[in-house]
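The values are calculated or read from the model by the stated rules, or taken from the named source; none is laboratory data. The structure displayed is predicted, hence computed values, not measured ones. Because the Cβ atoms are built from the backbone with ideal geometry, glycine has one as well, and the counts that use them run over all protein chains shown. For accessibility, only protein heavy atoms count, side chains too; no ligands or nucleic acids. Shrake-Rupley method; radii C 1.70, N 1.55, O 1.52, S 1.80 Å.
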Amino acid sequence: MTNLKKLAYKLRQHAVQIIMNGKGGHIGGDMSVMDALVVLYFKEMNISTENFATKNHDHFIMSKGHAVEALYAVLAEKGFFTYERVLKEFSQFGSPFIGHPNNKLPGIEMNSGALGHGLPVAVGMAIAERMNKSDNRVYVVMGDGEQAEGSVWEGAMAAANYRLDN
């Protein structure tokens with residue numbers, strides 16, 4: 001676990017640098033989510049640059065879209081794009097590296113930003129994976145600001161109703 005802690009520290013530094021270079025971002029959300037992202041991407045999830053274009057990978061939804069700088073740092077470390085590219089392009093006019101996850105970038109499956117959409121989409125993905133008899137899992141990171149959204153509660157009730165465990 002020590003290596004993951006060191007990696008999370010390094011990627012926190014990267015997220016701060018991304019924000020500083022882009023002259024805007026959400027440092028608090030990035031700092032609070034980094035440990036979870038590092039454990040998911042570097043220990044738990046089956047996701048890589050090699051398998052992302054196939055059906056054989058786990059899925060990740062960053063519903064907490066304001067923490068995108070942390071996600072960009074992690075995806076750069078995984079090799080989906082370079083850290084230098086993110087530093088250069090984040091928050092620049094016409095860049096795909098915007099202030100919320102953008103599925104035009106490799107490694108990102110869903111745009112987010114509107115509160116409350118991540119969990120219901122993840123529930124739908126989990127149901128689809130089950131219907132396909134797949135071993136793929138679906139992960140979603142949510143922020144506290146979206147917990148009162150009705151779509152979150154509907155997603156949670158659907159997950160319980162369908163007894164989703166993937």
Tally, over the stretch 126-153, of residues that are within 30 Å of Met31 (Cβ to Cβ) and not aromatic (Phe, Trp, Tyr): 17
Among residues of the stretch 41-92, those that are β-branched (Val, Ile, Thr) and under 20 Å from Asn3 (Cβ atoms), counted: 2
Filter result (more than 12 Å from Val74 (Cα to Cα), open to solvent by 30 Å² or more (accessible area, probe 1.4 Å) and part of a helix (DSSP H, G or I)) within the stretch 11-57: Val16, Gln17, Met20, Asn21, Ile27, Gly28, Met31, Ser32, Lys43, Glu44
